[in-house]
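The structure appears below as structure tokens.
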Amino acid sequence: MEIPKNKFKAALQGDKRLFGIFLGIPNTSIAELCAGAGFDWLIIDGEHSPFDLQSIMAHLQAMAPYPVSAIVRPVEGQAAIIKQMLDIGAQSLLIPMVDTAEQAEQMVKACKYPPQGIRGLGTAMARAAQWNRIPDYLHKANDEVCLIVQIETVTALENVDVISAVDGVDAVFIGPSDLSASMGYVGQQDHPEVVKAVCQAIASIKAAGKAAGVLAVKKELIDKYTEAGAKFIGVGVDTAIFSNATKKLAAEYVEDVDGADIAGY
């Protein structure tokens, strides 16, 4: 038995642009429906959605038979939480609210076994190691971890160059929702100043030799950030997709129902 190769990490080095969605519904049928839809990647969002450790692992198990890359966003970047995410089988992590290079360096250490990092050893209980059935897992795991740090504040924007330059950071993801709030434009992810800042950040990340990612659920923003050079783009959220689809269907048949899309993400 061999350690699974991280297809997403490898794809970041290729020419293909990668599209995916966020999963916020902790139900494995939803995970399978989305996993089989044809996206390149799916993010299990443990930051804003009601996931726990067991339901995140269940999502990973449900998605495993499908040719889609799973990324996990934990509630925050703590070494103990990161250790748990990696042990249950996550190979790609999106760490929210990284504002400085020092924070990014701490996240790298949390993801790596010694001597490169501080990840604790517990492979006999770890799904990631197939409970010690993967030979030499401890010496191979570091290479298959993909660390994505998320910048979503003005402070992070100011530090984007040094954050992107941190060795061990594989990609930098821009969160326009919190960024818009930090810039004084709460709920206005498509404000011209926010869009300008995102495009500048994408350029800085690319200049550092790292892959840039962003969430942009509106077609005009997806096109804008694609043109700016974003490598992987989130084009939807399962809760919003289901909410908008059911609302539009109801509006076709039920009086006094507004079928307009629900704004924001």
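None of the figures in this text is laboratory data; all of them are computed from the coordinates on show. Note that the structure is predicted; figures quoted are calculated from it, not measured. Positions of Cβ are generated from backbone atoms using ideal geometry, with glycine treated the same way; all protein chains shown enter the neighbour counts.
Between residue 138 and residue 161, what FRET efficiency comes out of the Förster formula 1/(1 + (r/R0)^6) with R0 = 41 Å and r the beta carbon distance, rounded to 0.05?
That gives a FRET efficiency of 0.75.
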Quiz prompt | Relative contact order for the chain, counting Cα pairs under 8 Å that sit 6 or more residues apart, in percent | solution = 17 percent
Quiz item: In terms of Cα to Cα distance under 21 Å, which lysines are near enough to residue 206, apart from those fewer than 8 places away along the same chain?
Solution: 7, 9, 16, 196, 224, 231
Practice problem: State whether region 43-173 is rounded, prolate or oblate according to the following rule on the C-alpha gyration tensor (a ≥ b ≥ c being the square roots of its eigenvalues): a/c under 1.5 gives rounded; otherwise a/b larger than b/c gives prolate, and the remaining case gives oblate. | Solution: oblate
Quiz item: In degrees, nearest 10, range 0 to 90: what is the angle between the Cα axis of helix 192-207 and the longest Cα principal axis of the chain?
Solution: 30 degrees
Quiz item: Rounded, prolate or oblate: which fits region 134-238, taking a ≥ b ≥ c as square roots of the Cα gyration tensor eigenvalues, rounded meaning a/c under 1.5, else prolate when a/b beats b/c?
Solution: prolate
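Take the Cα pairs of region 7-242, get the Kirkwood Rh, then feed it into Stokes-Einstein at 25 °C and 0.890 mPa s and tell me D in µm²/s.
My calculation gives 138 µm²/s for D.
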Exercise. Take 179, 138 and order them by how many other Cβ atoms sit within 10 Å, fewest up front.
Key: 138, 179
Quiz prompt | Antiparallel bridge percentage (DSSP; both residues within the chain; nearest 5) | solution = 0 percent
Quiz item: Taking the chain as a Gaussian network, Cα atoms linked when under 10 Å apart, which of 161, 170, 143 shows the biggest mean-square fluctuation?
Solution: 143
Quiz prompt | Placed amide H near residue 92: partners under 5 Å, 5+ positions off or other chain | solution = 72, 146
Self-check item: Fluctuation leader among 66, 113, 225 - the chain, Gaussian network, Cα springs under 10 angstrom
Solution: 66
